[in-house]
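A.B. asks: Could you have a look at this structure, given as structure tokens, before my questions?
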Ligand code: SF4
């Protein structure tokens, strides 16, 4: 996919009178000829049989991506600092500046990590950190300049919207509006070498949830505005969602709805898409290239200490507090809903978590494929769910297996990291019935692995790969600053 001139883009029509499980509706959605309403998306997420969801999400993925290739990328996650002004309750990564294990990576260390990435054929760094008030603007400008001059072939995918919002607070750039200030800041970093923005910090957009879990982190409007500015500057981004905690099911659909609406806006205003010469139809690649969702990982986090829903007798017979609040939130129409006025059930909002297992993960991912008709790729989050659930995810709407990377510091802080190398990742894709293909940041395919030279087809002794420890529990003690990695691991955007 490449960016193109502005296009006449009309989103597919909605058919609100049809039931969510209407076969004709789902066939049209799979072909890209109809759009689900939020109510239909919610009905599917909550009640459709798991395999029905998977079948239609898979059909949609095959319409967009064909039956042949499923992709992955080789990049490296570099968390340049763990000092952060926010105190998100789901985060085990952040530190205060005076904590003994607070760190900010020197430029030379970051260069060393990129050199190691380049040596294994990597094409991108995913660089994110905490929101560190002690770093001057020159730290970022010099860092980007130095990376681009030493590694011009490496794509810099860096600084998620919450970081940009804090850049505005820290550096007070010129501009009379928030958007203007973000634009100044982003243009400056782009000029220094920034190529695109990762979709981290999305979590759940719904205001009541965000206020509870994202303490000190930007609101949804600011997050979406940052991405809008990035799109206006010609950068591609992704969007993410972290679910399976205090939110209601409707909050997940509301989150997807907002991403879809802002993608519509970006496509209309800035263009993006490829026209099929046979039909004249534009396939909307859009400026949000991908959507990646994953369940909350609870280890070592304040939110993880909250009781599970159902831990009190009879609790499961009642409606989950997050669902009560989400219903009152009414797809964002009641943005200032005060859950304390909603009766005793809602009073437990934020005091119970409803963790998501494998089937809930697959349901949510499949629903995202069906809801997000204008997003090109859905990523399988096998880093949190494990390689084999991730592999099954390729049958539930995912078309991308994420990144072969060299270290991970954020998800592993919260308890779960699965480690795979390129050969295993390719084998997972091939065993699912597809040909693995290495992609770049804009989802252009760089190499396909059909022949004998493919990384997985070169392996003669899989026992070495099977012997690898795949599930690593994070240490209870805070981690020291990451140094050179001992093994190749895989990570996700956050
Ligand atoms: S999730 Fe990000 S913004 Fe929130 S506390 Fe952790 S490092 Fe800071």
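A.B. asks: Of all residues in region 137-163, which are closer than 24 Å to residue 117 by Cβ and crowded, with 22+ Cβ neighbours inside 10 Å? Steps first, please.
C.D. replies: Within region 137-163, the first condition is being closer than 24 Å to residue 117 by Cβ, and the residues that meet it are 139-160, 163.
Matches in region 137-163: 140, 143, 144, 147, 156, 157, 158, 159, 160, 163.
A.B. asks: May I ask you to list pairs of residues, at least six apart or on different chains, whose Cβ atoms are under 7 Å apart, with the first in region 391-409 being under 21 Å from residue 289 (Cα atoms) and the second being assigned to a loop (DSSP other than H, G, I, E, B) and at pLDDT below 80?
C.D. replies: 402/490; 402/492; 403/490; 403/491; 404/488; 404/490; 405/490; 405/491
A.B. asks: Looking at 18, 42, which is the one that is over 19 Å from the mean Cα position of the chain (by Cα) and part of a helix (DSSP H, G or I)? Step through it out loud before you land on a result.
C.D. replies: Details: 18 fails: part of a helix (DSSP H, G or I).
Every option except 42 fails the conditions.
A.B. asks: So residue 97 ticks every box in (1) loosely packed, with under 14 Cβ neighbours inside 10 Å; (2) part of a loop (DSSP other than H, G, I, E, B) but one. Which box is left unticked?
C.D. replies: (1)
A.B. asks: Then there is this: Residue check, residue 171 against (1) away from the ligand (no atom under 16 Å from the Cβ); (2) at pLDDT below 95, all met but one. Which one?
C.D. replies: (2)
A.B. asks: Only one of these is within 16 Å of the ligand (Cβ to nearest atom), over 30 Å from residue 339 (Cβ atoms) and touching a residue at least 40 places away in the same chain (Cβ under 8 Å): 233, 197, 215. Name it.
C.D. replies: Exactly one residue qualifies, and that residue is 197.
A.B. asks: Taking helices (runs of 4 or more DSSP H) that fall entirely within region 127-236, which contain at least 3 residues that are closer than 22 Å to residue 105 by Cβ?
C.D. replies: 137-150, 161-171, 178-192
A.B. asks: Here's something else I'd like to know. Does region 21-39 hold any residues that are out of contact with any helix residue (DSSP H, G or I) (no Cβ under 7 Å at 6 or more places or on another chain) and part of a helix (DSSP H, G or I), and which are they?
C.D. replies: 23, 24, 25, 27, 28, 39
A.B. asks: Please verify whether residue 202 is surrounded by 24 or more Cβ atoms within 10 Å (Cβ to Cβ), within 15 Å of the ligand (Cβ to nearest atom) and touching a residue at least 40 places away in the same chain (Cβ under 8 Å), treating the condition exactly as stated.
C.D. replies: Here the answer is yes, as residue 202 does meet what is asked.
A.B. asks: Continuing with the same structure: Within region 221-240, can you find the residues that are under 16 Å from the mean Cα position of the chain (by Cα) and surrounded by fewer than 23 Cβ atoms within 10 Å (Cβ to Cβ)?
C.D. replies: Selection gives 224 alone.
A.B. asks: Can you tell me which residue among 55, 76, 94, 31 is closer than 30 Å to residue 165 by Cα and free of Cβ contacts under 8 Å to residues at least 60 places away in the same chain? Before you say what the answer is, go through the steps one by one.
C.D. replies: On the way: 55 fails: closer than 30 Å to residue 165 by Cα; 76 fails: free of Cβ contacts under 8 Å to residues at least 60 places away in the same chain; 31 fails: closer than 30 Å to residue 165 by Cα.
Selected residue: 94, the only one of 55, 76, 94, 31 that is closer than 30 Å to residue 165 by Cα and free of Cβ contacts under 8 Å to residues at least 60 places away in the same chain.
A.B. asks: Another question, then. Quick check on region 93-101. Is at least one of its residues over 30 Å from residue 246 (Cα atoms) and touching a strand residue (DSSP E or B) at 6+ places or on another chain (Cβ under 9 Å)? Before you say what the answer is, go through the steps one by one.
C.D. replies: Kept after step one, since they are over 30 Å from residue 246 (Cα atoms), are these residues of region 93-101: 98, 100.
Next cut, touching a strand residue (DSSP E or B) at 6+ places or on another chain (Cβ under 9 Å) only: none.
Looking for residues that are over 30 Å from residue 246 (Cα atoms) and touching a strand residue (DSSP E or B) at 6+ places or on another chain (Cβ under 9 Å), one finds none in region 93-101, hence no.
A.B. asks: Follow-up. Here are some conditions: (1) within 13 Å of the ligand (Cβ to nearest atom); (2) farther than 28 Å from residue 421 by Cα. Residue 94 meets all but one. Which one does it not meet?
C.D. replies: The failed condition is (2).
A.B. asks: OK, next. Of these, 109, 85, which one is touching a helix residue (DSSP H, G or I) at 6+ places or on another chain (Cβ under 9 Å) and either more than 12 Å from the ligand (Cβ to nearest atom) or touching a residue at least 24 places away in the same chain (Cβ under 8 Å) (or both)?
C.D. replies: Details: 109 fails: touching a helix residue (DSSP H, G or I) at 6+ places or on another chain (Cβ under 9 Å).
The unique qualifying residue is 85.
A.B. asks: Among the residues of region 115-133, is there at least one that is over 30 Å from residue 424 (Cα atoms), within 16 Å of the ligand (Cβ to nearest atom) and surrounded by fewer than 23 Cβ atoms within 10 Å (Cβ to Cβ)?
C.D. replies: Looking for residues that are over 30 Å from residue 424 (Cα atoms), within 16 Å of the ligand (Cβ to nearest atom) and surrounded by fewer than 23 Cβ atoms within 10 Å (Cβ to Cβ), one finds at least one in region 115-133, hence yes.
A.B. asks: Consider region 387-436. How many of its residues are part of a loop (DSSP other than H, G, I, E, B) and modelled with pLDDT under 90?
C.D. replies: Selection size over region 387-436: 13.
A.B. asks: Residue 185 versus (1) away from the ligand (no atom under 16 Å from the Cβ); (2) touching a strand residue (DSSP E or B) at 6+ places or on another chain (Cβ under 8 Å): which is the lone unmet condition?
C.D. replies: All conditions are met except number (2).
A.B. asks: Is region 339-350 home to any residue that is in a loop (DSSP other than H, G, I, E, B) and touching a residue at least 40 places away in the same chain (Cβ under 8 Å)?
C.D. replies: Within region 339-350, one or more residues are in a loop (DSSP other than H, G, I, E, B) and touching a residue at least 40 places away in the same chain (Cβ under 8 Å).
A.B. asks: Sticking with this one: Kindly establish whether residue 250 is touching a residue at least 40 places away in the same chain (Cβ under 8 Å), under 21 Å from residue 269 (Cβ atoms) and either in a loop (DSSP other than H, G, I, E, B) or more than 16 Å from the ligand (Cβ to nearest atom) (or both).
C.D. replies: Considered against the rule, which asks whether it is touching a residue at least 40 places away in the same chain (Cβ under 8 Å), under 21 Å from residue 269 (Cβ atoms) and either in a loop (DSSP other than H, G, I, E, B) or more than 16 Å from the ligand (Cβ to nearest atom) (or both), residue 250 comes out as no.
A.B. asks: Which numbered condition in (1) touching a helix residue (DSSP H, G or I) at 6+ places or on another chain (Cβ under 7 Å); (2) away from the ligand (no atom under 16 Å from the Cβ) is the only one that residue 153 fails?
C.D. replies: With respect to (1) touching a helix residue (DSSP H, G or I) at 6+ places or on another chain (Cβ under 7 Å); (2) away from the ligand (no atom under 16 Å from the Cβ), residue 153 is out only on (1).
A.B. asks: Looking at 70, 60, which is the one that is in contact (Cβ under 8 Å) with a residue 24 or more places away in the chain, surrounded by 18 or more Cβ atoms within 10 Å (Cβ to Cβ), in a strand (DSSP E or B) and under 20 Å from the mean Cα position of the chain (by Cα)? Spell out the reasoning first.
C.D. replies: Details: 60 fails: in a strand (DSSP E or B).
From the options 70, 60, the qualifying one is 70.
The values are calculated or read from the model by the stated rules, or taken from the named source; none is laboratory data. Remember, it's a predicted structure, so these values are computed and weren't measured experimentally. All Cβ positions, even for glycine, are placed from backbone atoms using ideal geometry, and neighbour counts span all protein chains on display.
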